[in-house]
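Reading through the structure tokens given below for one structure.
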Amino acid sequence: MPTYAFRCPHCGGFDVIRPMREAGAPATCPECGTAARRVFESPALRAGDPRMRRALDASERSADEPAVVSSVPGRNRRATPISRDPRHARLPRP
Ligand SMILES: [Zn+2]
């Protein structure tokens, strides 16, 4: 069942889990019993695809504390292989 967010004018926000057919029904605050207004929040994207969750987490982290790197991230950069063939030593150099 989906979770719907409501806001009491006195106590603040609270969530109600109910069937979708009852989504538009009014809710009362569990603290004071006042009629609460439904509020719309962003969907729970974090519960979805793990790759998307990792990307969102990395994006959120880098927004506050950018990572200091010594090479281009995401590329597997290998050092230039060194040849041990003596004929290569006689090749012209730039
Ligand atoms: Zn209340």
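Where strands (runs of 3 or more DSSP E) fall entirely within the chain, those with at least 1 residues that are touching an Asp or Glu at 6+ places or on another chain (Cβ under 6 Å), at negative phi and surrounded by 11 or more Cβ atoms within 10 Å (Cβ to Cβ) are at 3-8. A Cβ distance below 6 Å, combined with a sequence gap of six or more or placement on separate chains, defines the contacts here; from the range 28-44, residues that are at pLDDT below 90 reach residues that are assigned to a strand (DSSP E or B) and within 16 Å of the ligand (Cβ to nearest atom) in the pairs E41/A5. Applying the criterion of being among the aliphatic types (A, V, I, L, M) and over 21 Å from the mean Cα position of the chain (by Cα) to the residues of the range 22-71, the residue that is nearest to the ligand (Cβ to nearest atom) is A36.
Criterion applied to R84, R18 was being at pLDDT 90 or above, touching a strand residue (DSSP E or B) at 6+ places or on another chain (Cβ under 8 Å), among the basic types (K, R) and away from the ligand (no atom under 16 Å from the Cβ), and the one residue passing it is R18.
The values are calculated or read from the model by the stated rules, or taken from the named source; none is laboratory data. Since the model is a prediction, treat every value here as computed from it, not as a measurement. Every residue, glycine as well, gets a Cβ built from its backbone with ideal geometry; the counts of neighbours run over all protein chains shown.
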